[in-house]
Amino acid sequence: MIIDYSGHPAAMQQALRGVAYQGTIVAGAYPGAWTTGIDLGAEAHMNRPHIVFSRANSEPNPDHPNWDNTRIYDVCWRMLAAGQVDCLPIVQPIVPFDDLLDAYPKIATQPEANIKLGVQF
């Protein structure tokens, strides 16, 4: 399984290249329109991936009644509190609020080097 939250077309292309045969690619970002295309040629046809578009909140929730928003939030918080999910490598850099105007343009112009920007209040 490959999970991409960057929303960058190059990352999706690498996911198509790197996924196992009939593996799953999760596209979790909600990107704007891509100005470049994705090559669905040999790599996609040979690997035959299943692409899942993830949404944190969908109405109607396709997994209701087994999963509702309360259960989703409870499970996520419990996993974070138990250390089962480590967000530190994902949310980098973490900058003080007062430095945000300087930090954000660097993040926005180098999407390949960053996943998420954290702001410390």
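When you restrict to C-alpha pairs under 8 Å that are six or more residues apart and normalise by the size of the chain, the relative contact order lands at 22 percent. Here the Karplus curve 6.51 cos²θ - 1.76 cosθ + 1.60, taken at θ = phi - 60°, turns the phi angles of the range 100-110 into couplings of 4, 5, 7, 6, 4, x, 5, 5, 5, 8, 10 Hz, with x standing for Gly and Pro.
Across all Cα atoms of the chain, the radius of gyration (one decimal) and Dmax (whole number) stand at 17.1, 49 Å.
Estimated from helices alone, the mean residue ellipticity of the chain at 222 nm is -9500 deg cm²/dmol (sum of -39500 (n - 2.57) over DSSP H runs with n ≥ 4, per residue).
Fully extending the segment from Ile90 to Arg17, taken as 0.36 nm per residue of separation minus the present Cα-Cα distance, adds 24.1 nm.
Computed from the coordinates by the stated procedures, all read-outs in this text should not be read as laboratory data. Here the structure is a predicted model, which means the values were calculated and not measured.
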